[in-house]
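Worksheet: the structure to be examined is printed underneath.
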Amino acid sequence: MIKIAIDGPGGAGKSTVAKAVAAKLGIIYVDTGALYRTVGLYVKMQGVSPEDKAGVIGCLGGIHIELGYVDGKQHVYLNGKDHGDEIRTPEMSMYASKVSAIPEVRAFLLDTQRDIASKNSVIMDGRDIGTVILPDAEVKIFLTASEECRAKRRYEELIAKGQKVTYEDVLNEMNQRDRQDSTREVAPTAAAADAVLLDNTGMTFDQTVDAVVALAQKAQNK
Ligand code: DC
C-alpha cells in the first residue's frame with residue numbers, strides 16, 4: 001500500500017498529473033476538491049449563500065456523500081445522484097473555496113477521505129492532504145507553477161470543455177481563490193514540512209508525471 005499526497009494551488013496540474021500517475025501505478029486517484037465542490041453544489045441548490053456560515057453548517061445534515069469508481073474514474077454521489085460536470089463551473093469553484101473555509105465542512109469530509117486511503121493505495125490531491133488528511137503519506141508533493149502558467153492551463157482546460165471564459169477572468173478567479181484557500185484559518189493550502197516542492201513551470205506534462213512516479217518508486221523501494 002502506498003499513499004501519495006499532492007497539494008498545491010489551482011492550475012498547477014495536480015488532477016491531470018495525479019490521474020496519469022494513478023493509471024501508471026495501478027492505484028486509485030482521489031480528487032478531494034470534488035467533495036468540497038459537491039457540498040458547494042448542495043448549498044447552492046438549497047439557496048444558501050456560501051458565505052452564510054450557519055446556513056452552510058445547517059445544510060450538512062441533509063448531505064450524504066459517497067465516492068465511487070467506474071473504470072478508474074471517480075464519481076461523487078450526492079444523496080445517491082452523480083452530478084457530473086455540474087460541480088466543475090467557475091461558480092462552483094468559488095462556492096467550494098468558500099464552504100471549504102468552514103471548519104465544520106472540513107470535519108464533515110474528513111472520514112470519507114481517510115477511509116478510502118485506509119483501504120486502498122491512493123494518490124490524493126487537494127490543499128491539506130500532506131498536512132492534515134494523510135500526515136503519514138509515504139510521498140508528499142507540493143506542486144506549483146508560475147501564476148501565468150497556471151492561469152493559462154486552467155483557461156485552456158475550461159475552453160476545451162466548451163465554457164465561455166476569458167483569460168483575465170480565469171486569472172482573477174484563480175488568484176482570488178488561491179488567496180482565500182491559503183489564508184484561511186483551518187487547513188490552509190500549505191506544503192507539509194516533509195513535502196517535495198515541485199515547480200513545473202518549465203516542465204512538460206510527461207516530465208511532471210515521471211518526476212512523481214520516480215518519487216513514488218523511490219519511496220516504495222525504501
Ligand atoms: O481542487 P479544486 O479546485 O477542485 O478545489 C475546489 C476548492 O475546494 C478549492 O478552492 C479549495 C477547496 N479544497 C480544500 O479546501 N481542500 C482540499 N483538500 C481540496 C479542495
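In the stretch 163-217, which residues are free of Cβ contacts under 8 Å to residues at least 60 places away in the same chain, part of a helix (DSSP H, G or I) and either under 27 Å from Ile27 (Cα atoms) or open to solvent by less than 50 Å² (accessible area, probe 1.4 Å) (or both)?
Passing the criteria: Leu171, Asn175, Asp206, Gln207, Asp210, Ala211, Ala214, Gln217.
Answer yes or no as to whether Ala160 is open to solvent by less than 80 Å² (accessible area, probe 1.4 Å) and either among the aliphatic types (A, V, I, L, M) or over 20 Å from Tyr29 (Cα atoms) (or both).
no
Could you please let me know if Tyr77 is touching a helix residue (DSSP H, G or I) at 6+ places or on another chain (Cβ under 6 Å) and aromatic (Phe, Trp, Tyr)?
The answer is no for Tyr77.
Among Tyr29, Tyr36, which is in contact (Cβ under 8 Å) with a residue 12 or more places away in the chain, in a helix (DSSP H, G or I) and under 29 Å from Ser146 (Cα atoms)?
Answer to the selection: Tyr36.
Scan the stretch 42-61 for residues that are of a type in the set (A, V, I, L, M) and in contact (Cβ under 8 Å) with a residue 24 or more places away in the chain and jot them down.
Val43, Val56, Ile57, Leu60
Among the residues of the stretch 117-153, which ones are surrounded by fewer than 22 Cβ atoms within 10 Å (Cβ to Cβ) and either part of a loop (DSSP other than H, G, I, E, B) or in contact with a His (Cβ under 7 Å, 6 or more places away or on another chain) (or both)?
Asn120, Ser121, Pro135, Asp136, Glu138, Ser146
Among the residues of the stretch 177-205, what is the count of those that are under 19 Å from Lys152 (Cβ atoms) and within 10 Å of the ligand (Cβ to nearest atom)?
2
Looking for something assigned to a helix (DSSP H, G or I), basic (Lys, Arg) and without any contact (Cβ under 8 Å) to a residue 24 or more places away in the chain - is there at least one such residue anywhere in the stretch 108-115?
Checked against the condition, which is being assigned to a helix (DSSP H, G or I), basic (Lys, Arg) and without any contact (Cβ under 8 Å) to a residue 24 or more places away in the chain, the stretch 108-115 yields at least one hit.
Is it fair to say Gly47 is farther than 24 Å from Arg150 by Cβ, in a helix (DSSP H, G or I) and modelled with pLDDT of 95 or more?
no
Within the stretch 62-75, identify whether any single residue is in contact with a Gly (Cβ under 7 Å, 6 or more places away or on another chain) and either part of a helix (DSSP H, G or I) or open to solvent by 10 Å² or more (accessible area, probe 1.4 Å) (or both), and answer yes or no.
Yes: the stretch 62-75 contains one or more residues that are in contact with a Gly (Cβ under 7 Å, 6 or more places away or on another chain) and either part of a helix (DSSP H, G or I) or open to solvent by 10 Å² or more (accessible area, probe 1.4 Å) (or both).
If you go through the stretch 12-20 one residue at a time, do you hit one that is in contact (Cβ under 8 Å) with a residue 60 or more places away in the chain, open to solvent by 30 Å² or more (accessible area, probe 1.4 Å), within 16 Å of the ligand (Cβ to nearest atom) and within 21 Å of Ala187 (Cβ to Cβ)?
Scanning the stretch 12-20 turns up at least one residue that is in contact (Cβ under 8 Å) with a residue 60 or more places away in the chain, open to solvent by 30 Å² or more (accessible area, probe 1.4 Å), within 16 Å of the ligand (Cβ to nearest atom) and within 21 Å of Ala187 (Cβ to Cβ).
Are any of the residues in the stretch 60-70 more than 23 Å from Gly130 (Cα to Cα), away from the ligand (no atom under 16 Å from the Cβ) and in contact with a Ser or Thr (Cβ under 7 Å, 6 or more places away or on another chain)?
No: zero hits.
Somewhere in the stretch 78-86, is a residue of a type outside the set (Val, Ile, Thr), within 18 Å of the chain's Cα centre (by Cα), open to solvent by 20 Å² or more (accessible area, probe 1.4 Å) and at pLDDT below 95?
Yes; the residues of the stretch 78-86 include at least one that is of a type outside the set (Val, Ile, Thr), within 18 Å of the chain's Cα centre (by Cα), open to solvent by 20 Å² or more (accessible area, probe 1.4 Å) and at pLDDT below 95.
The values are calculated or read from the model by the stated rules, or taken from the named source; none is laboratory data. The structure presented is a predicted model; accordingly, all values stated were derived computationally and were not measured. Every residue, glycine as well, gets a Cβ built from its backbone with ideal geometry; the counts of neighbours run over all protein chains shown. What goes into the accessible areas is simple: the full protein's heavy atoms, side chains included, and nothing from ligands, DNA or RNA. Shrake-Rupley method; radii C 1.70, N 1.55, O 1.52, S 1.80 Å.
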